[in-house]
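**Q** My questions will all concern the structure given below.
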Amino acid sequence: MRMCVKSLFNLHGAHRKTILFSVSSLLMAVIVLFCIFFAYNVVDDSSPFMIRITESDIKNAVNNAIEPIVVVLDNDVRLTESLTIPAGKDVTLTSCDDNDFYKLIGVDGESVIVVEGGGVLRLKGVIITHENDAYGNGIFIDHRGTLMLYDGVICDNTLHNVNALENVGGGVRNFGRFIMSGGRIVNNTAGGGGGLLNWGSFSMSGGEISGNTAYGHGGGVNMYGSDFSMSGGKISNNTAAGGGVFSSNAKFSLVGDGVICGNNAEVGGGVYNQWGNFGHASN
């Protein structure tokens, strides 16, 4: 029996090397698993999936996602092409610091983000922008696509040829559904709809659309053949013909606590309603 015990715990020669190698491998595996667990749970362990972050990481996560995912920025990310949210994907973009939003920076001549039909994008604390004199709008929402803005900023997006029809909707160009309950759309410029071009469905219950400029109609919001329901938030200090809201062949209703103030225009400083339906205002 003593020989068996001695043989089992013999740390000389090959047995000693095998045991030490096994212990080292086990320790390394534990460290790797801990790092993975920490990386994916440091921000919000209730989220279905999180990742940190290069442009390639974001795109791979979005394209391979089966369930809704949360993409957490812990640094500014400069894109080399538009970030596309494909049909069937539900993506939340947020920052790991609630007090210091990180930027998703678009490439010259392209939208920062494109939400395809059937795709869903939720913004909860990210800055969507162009820098260094680059041109392009912030977010393009295709037919049947959805954008939900809870927090964050869509800012400093400029369309180059401001007189061309396709250069409308500096901050957001919406052909699908846009729900805004917070956040800011500020300092964007376009031929029409400096802050937002709405050719789909837009509802605003919070947040701010301000400081945007259009060389045509709708400094804050330009809407045509679409619906806009405003029950909260503020549209202010925008500049265009129809400084705050330009509505053509569209339905616009203002109820509750929504505020339109301080906008600048030669015609229709607050609201310019052309061939449309302006619902009862009660604020």
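**Q** Name every residue in segment 177-200 that is touching a Phe, Trp or Tyr at 6+ places or on another chain (Cβ under 9 Å) and assigned to a loop (DSSP other than H, G, I, E, B), in order of residue number. Before the answer, list the steps.
**A** Keep residues of segment 177-200 that are touching a Phe, Trp or Tyr at 6+ places or on another chain (Cβ under 9 Å), which gives 177-183, 189-194, 196-200.
The answer is Ser181, Gly182, Gly183, Gly191, Gly192, Gly193, Gly194, Trp199, Gly200.
**Q** Determine which member of the set Val126, Val162, Val172, Val168 is surrounded by 24 or more Cβ atoms within 10 Å (Cβ to Cβ) and at pLDDT below 95.
**A** Val168
**Q** For segment 23-30, indicate whether the set of residues that are in a helix (DSSP H, G or I), modelled with pLDDT under 50, farther than 25 Å from Gly136 by Cα and of a type outside the set (S, T, N, Q) is non-empty.
**A** Kept after step one, since they are in a helix (DSSP H, G or I), are these residues of segment 23-30: 23-30.
Then keep just the ones that are modelled with pLDDT under 50; that gives 23, 30.
Narrowing the set further to residues that are farther than 25 Å from Gly136 by Cα leaves 23, 30.
Applying the additional criterion that residues be of a type outside the set (S, T, N, Q) yields 23, 30.
Looking for residues that are in a helix (DSSP H, G or I), modelled with pLDDT under 50, farther than 25 Å from Gly136 by Cα and of a type outside the set (S, T, N, Q), one finds at least one in segment 23-30, hence yes.
**Q** State yes or no: is Gly194 under 27 Å from Asp100 (Cα atoms), at pLDDT 85 or above, touching a Ser or Thr at 6+ places or on another chain (Cβ under 6 Å) and in the same structural domain as Gly125 (by TED's automatic domain parsing)? It would help to see each step written out before you state the result.
**A** Values: under 27 Å from Asp100 (Cα atoms): yes; at pLDDT 85 or above: yes; touching a Ser or Thr at 6+ places or on another chain (Cβ under 6 Å): yes; in the same structural domain as Gly125 (by TED's automatic domain parsing): yes.
For Gly194, the condition - under 27 Å from Asp100 (Cα atoms), at pLDDT 85 or above, touching a Ser or Thr at 6+ places or on another chain (Cβ under 6 Å) and in the same structural domain as Gly125 (by TED's automatic domain parsing) - is met.
**Q** Please go through (1) within 20 Å of Gly194 (Cβ to Cβ); (2) touching a Phe, Trp or Tyr at 6+ places or on another chain (Cβ under 6 Å) for Lys124 and return the number of the only condition it doesn't satisfy.
**A** (1)
**Q** Might you check whether a residue that is in contact with a helix residue (DSSP H, G or I) (Cβ under 7 Å, 6 or more places away or on another chain), over 19 Å from Ile179 (Cα atoms) and in contact (Cβ under 8 Å) with a residue 24 or more places away in the chain occurs anywhere in segment 83-100?
**A** Scanning segment 83-100, I find at least one residue that is in contact with a helix residue (DSSP H, G or I) (Cβ under 7 Å, 6 or more places away or on another chain), over 19 Å from Ile179 (Cα atoms) and in contact (Cβ under 8 Å) with a residue 24 or more places away in the chain, so the answer is yes.
The values are calculated or read from the model by the stated rules, or taken from the named source; none is laboratory data. Since the model is a prediction, treat every value here as computed from it, not as a measurement. Ideal geometry is used to build each Cβ from the backbone, glycine not excepted, and the neighbour counts take in all protein chains shown.
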